[in-house]
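S.K.: I'd like to ask you about the structure that follows.
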Amino acid sequence: MAKLFGICSLFLLAFGVAAYAVVAYAFMPLGSLLHPDMKAVFLAHQAGIYAHIFASVIAISLGPFQFLGGLRRRFVRLHRWMGRAYLGIGVLVGGLAGLYMATFAFGGVVSKLGFASLAVLWLYTGLRAFLAIRRGKAIEHRRWMVRNFSLTLAAVTLRILLPVSGIAGIPFEVAYPAIAWLCWVPNLLVAERFFNRTDEASFKPEPLRDSA
Ligand code: HEM
């Protein structure tokens, strides 16, 4: 029951943030909902922000499916193709564009370093997950994907922390640099503590039969 609740919440939060991004960036003028300084930066770097957002939407929309054991076991090829899109478009394009946009992030050097660290770790954990599965190391692959997806969920944490900081009366200029770190460091710690404790003997990876 708790597991089902967790999975439903994960899908709701991930799709909620993806829907926000699509509505705000595909159907509204760029930067409509943002601080004027961020809007100016986004208007000056449209290729970077659009590449980041639309590639990242692919990652956050596909990611939750990859952790459904039943789906993975029954449709191994689908898992592989979704994984390739998740890593090859979502994380690679979204991460590189995110790293580029981090150099202009609102809130000064603390924000820039926070988002840049997130981008580098997103790319690094994605690469490690890919290399692990190419070598047939399914348990190692799973561990790196847990870390990687916890970082993808930084987009969810950020969207929760922004209104919470507003309700708490913290000025945006003060809150944003802190949120650039708080949106991902706790995610990674929680992922490591609660979702990467897999007992290697009890985790049965799917057989790697065909090469598709
Ligand atoms: C995990 C690695 C990620 C990194 C390093 C990253 C980095 C960034 C950066 C630097 C900005 C600009 C912030 C500013 O100018 O102050 C940004 C904005 C944005 N990112 Fe990401 N991001 C990541 C993940 C995601 C994901 C998974 C989504 C999914 C939808 C996403 C959606 C957005 C959106 C919609 C914006 C525009 C700001 C807003 O409307 O709130 N990002 N991101």
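The values are calculated or read from the model by the stated rules, or taken from the named source; none is laboratory data. All values reported here derive from a predicted model rather than from experimental measurement. Positions of Cβ are backbone-derived with ideal geometry, glycine not excepted, and every protein chain shown enters the neighbour counts.
S.K.: Quick one: which helices (runs of 4 or more DSSP H) lie wholly within segment 1-93 and hold at least 1 residues that are among the aromatic types (Phe, Trp, Tyr), at pLDDT 95 or above and within 30 Å of Asn196 (Cβ to Cβ)? Give the steps one after another, and end with the answer.
M.R.: Numbers: elements: 2-26, 36-44, 46-66, 69-74, 76-85.
Filter on segment 1-93 gives 2-26, 46-66, 76-85.
S.K.: Would you list the helices (runs of 4 or more DSSP H) that sit entirely within segment 106-192 and hold 3 or more residues that are in contact with a Lys or Arg (Cβ under 9 Å, 6 or more places away or on another chain)?
M.R.: Ranges flagged: 108-134, 138-152.
Condition check ((1) at pLDDT 95 or above; (2) within 23 Å of Phe42 (Cβ to Cβ); (3) more than 11 Å from the ligand (Cβ to nearest atom)) across all residues:
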site	(1), (2), (3)
Val109	yes, yes, yes
Ala116	yes, yes, no
Leu127	yes, no, yes
Met145	yes, no, yes
Leu153	yes, yes, no
Leu158	yes, yes, no
Pro177	yes, yes, no
Ala180	yes, yes, no
Leu189	yes, no, yes
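S.K.: Within segment 63-115, which residues are under 18 Å from the mean Cα position of the chain (by Cα) and of a type in the set (S, T, N, Q)?
M.R.: Hits for segment 63-115 are Gln66, Ser111.
S.K.: Oh, and also: Hey, among Ile53, Ile7, Ile89, which residue is of a type outside the set (D, E, K, R), near the ligand (Cβ under 8 Å from one of its atoms) and on the phi < 0 side of the Ramachandran plot?
M.R.: The unique qualifying residue is Ile53.
S.K.: Kindly indicate which of Gly166, Gly136 is more than 18 Å from Leu99 (Cα to Cα) and either within 16 Å of the ligand (Cβ to nearest atom) or modelled with pLDDT under 95 (or both).
M.R.: Details: Gly136 fails: either within 16 Å of the ligand (Cβ to nearest atom) or modelled with pLDDT under 95 (or both).
It is Gly166.
S.K.: If you don't mind, another one. Do the conditions hold for Arg72, that is, is it touching a residue at least 40 places away in the same chain (Cβ under 8 Å), more than 11 Å from the ligand (Cβ to nearest atom), of a type in the set (Lys, Arg) and over 20 Å from Ala178 (Cα atoms)?
M.R.: On the way: touching a residue at least 40 places away in the same chain (Cβ under 8 Å): yes; more than 11 Å from the ligand (Cβ to nearest atom): yes; of a type in the set (Lys, Arg): yes; over 20 Å from Ala178 (Cα atoms): yes.
Criteria met by Arg72.
S.K.: Report yes if Phe149 is among the aromatic types (Phe, Trp, Tyr) and surrounded by fewer than 20 Cβ atoms within 10 Å (Cβ to Cβ), otherwise no.
M.R.: No, not satisfied.
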